[in-house]
Amino acid sequence: MSEKNQKTVSRIKEVESTNLAPDNIRNEVIETKKAVEKDNDLLAERIHQNFKEHNVKSFDIVGAIGAGKTALLETISQRLTTKYRVLVICGDITTRVDADRIEKHNAETIQINTGRECALNAYHIHQIIKNKDLNKYDIVFIENVGNLICPSDFILGTDQRIIIVSITEGEWVVEKHPMLFKMSDIAVINKIDLKERLGTNVDKMISDAKKINPNIKVITTSAKTGENVEKLMSLMGF
């Protein structure tokens with residue numbers, strides 16, 4: 001086998017799902033996808049304006065399953081609900097386990113079960129807030145479905161997007177998922193209490209995040225010990 005063919009075989013080509021469509025409908029599939037994204041962005045802008053008009057600070061929390069999104073939201077909610085009225089919208093394929101955990105810390109929670117959908121979109125959020133009196137809230141957190149890929153398809157109309165990864169996911173997790181880091185305002189590297197045990201190169205993770213997005217703010221935390229949670233809240237404007 002020639003060197004050229006070897007390279008071709010050894011390299012996995014990235015293929016968009018639209019390329020799997022038959023030739024006769026491929027353009028229609030592509031245009032439909034563009035239309036969905038456009039409609040989502042327009043609805044997200046309406047959501048954002050609605051939040052602003054009611055002086056509600058809003059955050060979209062993204063990250064893989066097990067990164068510590070819910071644990072950090074539990075800690076943050078516990079500290080904020082003494083001063084602010086907090087609404088947390090949780091996205092999951094099924095169950096309301098996360099919503100129940102956060103609700104114990106005096107935050108109002110709403111669970112969205114997406115079924116086969118791997119991320120929340122602006123329509124999900126619109127359906128919630130159109131039936132809520134936003135004058136009753138100061139802060140809205142949206143905990144997206146546990147996933148580092150799909151949430152990049154949809155913005156939700158929040159003030160800030162926060163991406164949470166953990167050192168248990170490996171030091172390559174940031175460079176493997178650049179899109180969400182490009183779209184996020186704050187990057188949280190969680191479970192720092194396990195650094196010595198795991199030997200993860202945290203400096204590499206921080207460096208990778210800043211290379212992908214020079215404007216992103218990066219912080220290491222431990223939801224378990226509470227390390228740097230106050231600093232994270234300060235970055236969020238509290």
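The values are calculated or read from the model by the stated rules, or taken from the named source; none is laboratory data. Given the structure is predicted, the values throughout are model-derived calculations rather than measurements. Note that each Cβ is placed from the backbone with ideal geometry, even for glycine, and that neighbours are counted across all protein chains shown.
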**Request:** Output the number of residues of the stretch 147-156 satisfying the condition of being assigned to a loop (DSSP other than H, G, I, E, B) and crowded, with 21+ Cβ neighbours inside 10 Å.
**Result:** 3
**Message:** Whether any residue in the stretch 38-45 is within 23 Å of Ile189 (Cα to Cα), modelled with pLDDT of 95 or more and either among the basic types (Lys, Arg) or in a helix (DSSP H, G or I) (or both) is what I want to check.
**Reply:** no
**Residues being surrounded by fewer than 21 Cβ atoms within 10 Å (Cβ to Cβ), touching a Phe, Trp or Tyr at 6+ places or on another chain (Cβ under 7 Å) and closer than 21 Å to Asp92 by Cβ - total across the stretch 129-146** = 0
**Item:** helices (runs of 4 or more DSSP H) lying entirely in the stretch 176-238 (those with 3 or more residues that are modelled with pLDDT under 95, small (Gly, Ala, Ser) and farther than 15 Å from Gly68 by Cβ)
**Value:** none
